[in-house]
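Read the structure below first, then the notes.
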Amino acid sequence: MEEQTTENLAQEPSIDENKAPEGAEEGQEGSRFEHIKETLELLCQEFPQAFIKEGEVKPLKIGIFDDLKAAVEGKPGFSLSKVRAALRLYTTRLRYFEALKLGAKRVDLQGNEGEEVSVEHADFAAEKIAEIKAKIKAKRPARNSRKPGSKGEYNKGAEGRKSRPNRIPGVKAAPEDLTVGRDVMVLTGENHYIYGIIKAHDQTDKVLVTLKTGMTVNVTVDRILLPNKNK
């Protein structure tokens with residue numbers, strides 16, 4: 001098939017749509033790509049019937065770059081190199097290729113319909129769709145791909161449940177340890193706690209604790225730990 005160019009087909013050879021278009025030199029790629037995206041945004045604003053930001057994309061007229069050159073001449077914010085690159089970016093995205101269906105009407109800058117997408121161009125687009133989807137699939141991380149011993153993996157217990165290492169720096173308190181004014185730790189969940197001071201304990205299974213947050217709570221004895229420094 002004859003080489004596809006923006007000028008003669010309004011579409012380009014496949015590129016990674018997350019990669020900066022041709023002309024973005026290494027080291028300057030990021031900033032230039034941002035400028036190209038800004039130019040594409042301007043095209044969407046200036047020619048909303050042709051460059052469709054949201055909704056169903058329409059195939060562009062073959063040779064539309066020539067129309068663009070005349071239409072943007074002298075307008076602020078446009079340069080031919082960035083307009084060319086923005087057109088390339090727009091016409092190499094998955095959603096544009098999906099619009100290149102056999103018989104679909106191409107449009108000019110004003111949205112006027114013209115010739116239909118040919119068999120040749122529809123087949124070309126179908127190949128690019130398959131390539132892009134394959135690249136997207138290849139980039140997705142495989143499920144359960146975490147290697148044994150990697151960060152975040154915990155040893156499994158006898159019953160197959162993930163067991164977390166005990167990171168609470170405290171020990172269970174004996175009844176005689178629960179004295180008023182004593183620094184304690186109150187368990188708020190598995191491996192979670194908050195510091196506090198015993199405000200009252202009447203030798204029942206409940207202890208009144210003023211937490212570091214200022215809140216006073218009545219908790220059961222089994223949720224009270226003594227910090228290791230108090231051992």
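Worth a mention:
- Of the residues making up segment 45-64, none is within 11 Å of Ala86 (Cα to Cα) and in a helix (DSSP H, G or I).
- Considering Lys151, Lys229, the condition of being at pLDDT below 80 and in a helix (DSSP H, G or I) is satisfied by Lys229 alone.
- Single match in Leu109, Leu102 (criterion: touching a helix residue (DSSP H, G or I) at 6+ places or on another chain (Cβ under 6 Å) and loosely packed, with under 15 Cβ neighbours inside 10 Å): Leu102
- The single condition from (1) surrounded by 12 or more Cβ atoms within 10 Å (Cβ to Cβ); (2) of a type in the set (S, T, N, Q); (3) assigned to a helix (DSSP H, G or I) that Ser31 fails is (1).
- Among residues of segment 32-46 that are more than 17 Å from Asp108 (Cα to Cα) and in the same structural domain as Leu68 (by TED's automatic domain parsing), those with a beta-carbon under 8 Å from a residue that is among the β-branched types (Val, Ile, Thr) and surrounded by 18 or more Cβ atoms within 10 Å (Cβ to Cβ) at least six positions away or on a different chain give the pairs Thr39/Val83.
- Of all the numbered requirements in (1) over 28 Å from Ser118 (Cα atoms); (2) at pLDDT 90 or above; (3) in contact with an Asp or Glu (Cβ under 9 Å, 6 or more places away or on another chain), Asp67 misses one, and that requirement is (1).
- Candidate set from segment 35-59 (those that are surrounded by 17 or more Cβ atoms within 10 Å (Cβ to Cβ) and more than 27 Å from the chain's Cα centre (by Cα)); member that is farthest from Phe97 (Cα to Cα): Phe47
- Ser145, sole failed condition from (1) modelled with pLDDT under 65; (2) touching a Lys or Arg at 6+ places or on another chain (Cβ under 9 Å); (3) of a type in the set (Ser, Thr, Tyr): (2)
- Hits in segment 92-125 - residues which are free of Cβ contacts under 8 Å to residues at least 12 places away in the same chain and part of a helix (DSSP H, G or I): Asp123
The values are calculated or read from the model by the stated rules, or taken from the named source; none is laboratory data. Predicted model, so just to flag it, every value in this text is computed and none were measured. All Cβ positions, even for glycine, are placed from backbone atoms using ideal geometry, and neighbour counts span all protein chains on display.
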